[in-house]
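The values are calculated or read from the model by the stated rules, or taken from the named source; none is laboratory data. The structure displayed is predicted, hence computed values, not measured ones. Ideal geometry is used to build each Cβ from the backbone, glycine not excepted, and the neighbour counts take in all protein chains shown.
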Amino acid sequence: MPYLSNSSRNKLYTCHTLLQRLVNEVLKGGVTAEGVERKAFDVSVIAGFRGETAQNAAFTSGKSKLQWPRSKHNKRPAMALDIVPYPLDWQDIRSFQNMGVAVKEAWAAIPAAERTGYALAWGGDWTMRDYPHFELQKLTVA
């Protein structure tokens with residue numbers, strides 16, 4: 001079974017417990033709601049919480065579109081995390097797409113009662129692709 005390095009684990013611990021649960025589901029694999037086996041997927045966590053200096057550096061370098069404190073990475077606990085397939089090859093877009101599928105399947109494997117009030121958004125689904133980025137979005141009741 002894949003496991004997180006100490007660096008990845010420390011970054012993950014800065015995130016909301018639901019994001020922690022999600023990454024652990026990705027790492028261990030399991031069974032989909034349809035009863036199909038989902039394989040464990042190895043990832044590295046490259047960002048969880050970002051302080052003011054790190055967030056503004058990410059903004060200045062073009063890695064984030066938001067300045068401090070507007071990013072979901074700036075909340076405590078962080079409501080966003082950035083993960084990458086391990087081993088990492090930034091040019092292998094297919095591996096990022098496969099990771100997105102694995103994360104969405106893992107999200108669906110978490111009992112609905114634990115996900116209540118939240119939706120998961122993936123930057124890989126956005127027009128301006130951000131493949132490593134996953135965030136929790138609070139659902140509003142109409």
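Can you report the number of residues in region 91-131 which are over 13 Å from the mean Cα position of the chain (by Cα), among the acidic types (Asp, Glu) and within 18 Å of Phe41 (Cα to Cα)?
Qualifying residue count for the region: 1.
Looking only at region 55-74, how many residues end up being surrounded by fewer than 17 Cβ atoms within 10 Å (Cβ to Cβ) and within 18 Å of the chain's Cα centre (by Cα)?
Residues that pass the stated criteria total 4.
Quickly run through region 86-108 and pick out the residues that are of a type in the set (A, V, I, L, M, F, W, C), in contact (Cβ under 8 Å) with a residue 24 or more places away in the chain and surrounded by fewer than 18 Cβ atoms within 10 Å (Cβ to Cβ).
Hits for region 86-108 are Leu88, Ile93, Ala108.
Do you know which residues across region 1-32 are modelled with pLDDT under 95 and in a strand (DSSP E or B)? Explain how you work it out, then say what you get.
Start the filter on region 1-32 by keeping residues that are modelled with pLDDT under 95, which leaves 1-3, 29-32.
Across region 1-32, the qualifying residues are Gly30, Val31.
Would you pick out the residues in region 19-70 that are over 24 Å from Gln97 (Cβ atoms) and not polar (S, T, N, Q)?
Within region 19-70, Phe49, Arg50, Gly51, Glu52, Ala54, Ala57, Phe59, Leu66, Trp68, Pro69, Arg70 meet the criteria.
Among the candidates Gly35, Gly29, which residue alone is among the small types (Gly, Ala, Ser) and closer than 16 Å to Pro85 by Cβ?
Details: Gly35 fails: closer than 16 Å to Pro85 by Cβ.
Gly29 is the lone residue from the list that is among the small types (Gly, Ala, Ser) and closer than 16 Å to Pro85 by Cβ.
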